[in-house]
Amino acid sequence: MKNPFSRRIDYAELDDGQLVALAKEDKSAFGELYERYLPKIYRYVYYRTGNVHDAEDLTAKVFFRALSHIGNYVEKGVPFQAWLYRIAHNLVANWHRDQGRRKIIALDEYVAHPLKSEAPDRLTEEQEERNQLMEAVRRLPEDRQQLLLLKFVEQMSNAEIGAIMGRTEGAIKSLYHRTLLALREEMVAIQKGDLKQWSDGKEG
Amino acid sequence: MSTASEAQLRNFLESITTRLQRGEAVDPLLEPANEEQSNMEDIVELIQSLHASLTPMNPSQEYAENLRANLLDGRPGVAGRVRQMPARLSVAAILALFAGCLLLMLRRLFGSETATDVPEEAVATPL
């Protein structure tokens with residue numbers, strides 16, 4: 001049902017809680033929530049799936065699911081943003097389970113842009129380092145990948161990340177520390193693997 | 001590693017990350033306060049690489065508009081409708097669209113040529 005006062009409402013001025021309350025009966029309010037969170041959810045899904053096509057499909061599913069369940073949503077200490085991320089997280093987890101694969105993140109499409117003015121050799125070297133880093137990130141458990149994406153891509157505070165992941169701020173801080181140590185080990189393993197491949201190739 | 005120094009390291013890594021995200025220099029923090037922190041050089045490099053690699057990027061405008069229309073009005077845009085089709089059907093739809101455009105272009109091209117090629121006597125109206 002359309003809200004008869006919807007023309008008078010400036011949705012942009014409302015906070016998430018107010019919009020969610022309206023969105024149960026007013027699609028325009030949901031439209032404002034969509035505008036606020038589409039880029040965030042898309043980025044999260046993109047980095048977790050590694051390709052634009054699946055990111056677009058899953059992002060659409062996240063918002064359709066949110067729209068169909070918003071009537072039942074009750075804010076019990078879980079902000080709307082956290083609720084959306086949880087939907088996205090579950091859909092991505094199902095996607096990985098169904099696909100039974102971990103795809104390569106298409107870094108060349110997006111991440112290399114700031115480097116285009118640099119020399120080609122340097123560009124290749126940087127790209128290789130980035131690919132290794134992303135490979136190491138993909139080898140981490142899901143919760144650690146999620147933490148890194150929320151921290152670096154969305155630049156969220158530990159408190160915000162904690163609300164989304166259902167942990168305390170202190171637990172996030174501790175998880176971040178452990179994640180970095182694990183990532184360092186993965187990087188060493190990847191670099192050793194590359195070196196072995198190179199020496200095997202030389203011998204063969 | 002003692003719990004106190006572990007907490008100190010956590011704070012150190014947090015500070016480095018926060019400074020990078022704010023676009024501030026991290027050099028002042030890199031003066032090692034103790035031996036454990038000086039062993040963290042590679043971790044600091046790792047944070048810098050993560051900061052440089054995990055950059056925000058946005059969905060295309062076309063995608064955002066189509067999804068919005070689909071969600072709120074229940075009507076998908078053209079791209080949305082094609083995407084919702086099975087793979088074979090969407091390829092067929094794209095090919096049909098392309099063939100249609102080609103046909104229109106050819107018709108316009110040859111249609112105009114035919115009009116100019118018509119001999120004058122054929123155009124003349126008999127009295």
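The values are calculated or read from the model by the stated rules, or taken from the named source; none is laboratory data. Model, not experiment: these values are computed from the prediction. Cβ placement follows ideal geometry from the backbone for every residue including glycine, while neighbour counts extend to all protein chains displayed.
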When only residues in region A:174-196 that are hydrophobic (A, V, I, L, M, F, W, C) and surrounded by fewer than 18 Cβ atoms within 10 Å (Cβ to Cβ) count, which is modelled with the lowest pLDDT? A:Leu195
From the list B:Leu71, B:Leu54, B:Leu103, exactly one residue is modelled with pLDDT of 90 or more and over 30 Å from A:Glu128 (Cβ atoms). Which is it? B:Leu71
For A:Asp143, state whether it is in a helix (DSSP H, G or I), of a type in the set (D, E, K, R) and either closer than 27 Å to B:Arg22 by Cβ or modelled with pLDDT under 85 (or both). yes
Hey, among the residues in region A:162-173 that are more than 12 Å from every other protein chain (Cβ to nearest Cβ) and not basic (Lys, Arg), which one's surrounded by the fewest Cβ atoms within 10 Å (Cβ to Cβ)? A:Gly166
Would you pick out the residues in region A:136-156 that are at the interface with chain B (Cβ under 10 Å from one of its Cβ atoms) and more than 20 Å from B:Gln48 (Cβ to Cβ)? none
Out of B:Pro32, B:Pro76, report the one residue that is at pLDDT below 80, surrounded by 13 or more Cβ atoms within 10 Å (Cβ to Cβ), part of a loop (DSSP other than H, G, I, E, B) and within 11 Å of another protein chain (Cβ to nearest Cβ). B:Pro76
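To keep it simple, each residue is scored yes or no on (1) within 12 Å of chain B (Cβ to nearest Cβ); (2) closer than 22 Å to B:Leu72 by Cβ; (3) surrounded by fewer than 21 Cβ atoms within 10 Å (Cβ to Cβ).
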{"site": "A:Val20", "(1), (2), (3)": "no, yes, no"}
{"site": "A:Ala23", "(1), (2), (3)": "yes, yes, no"}
{"site": "A:Glu35", "(1), (2), (3)": "yes, yes, yes"}
{"site": "A:Val45", "(1), (2), (3)": "yes, yes, no"}
{"site": "A:Thr49", "(1), (2), (3)": "no, no, no"}
{"site": "A:His53", "(1), (2), (3)": "yes, no, yes"}
{"site": "A:Val62", "(1), (2), (3)": "yes, yes, no"}
{"site": "A:Ala82", "(1), (2), (3)": "no, no, yes"}
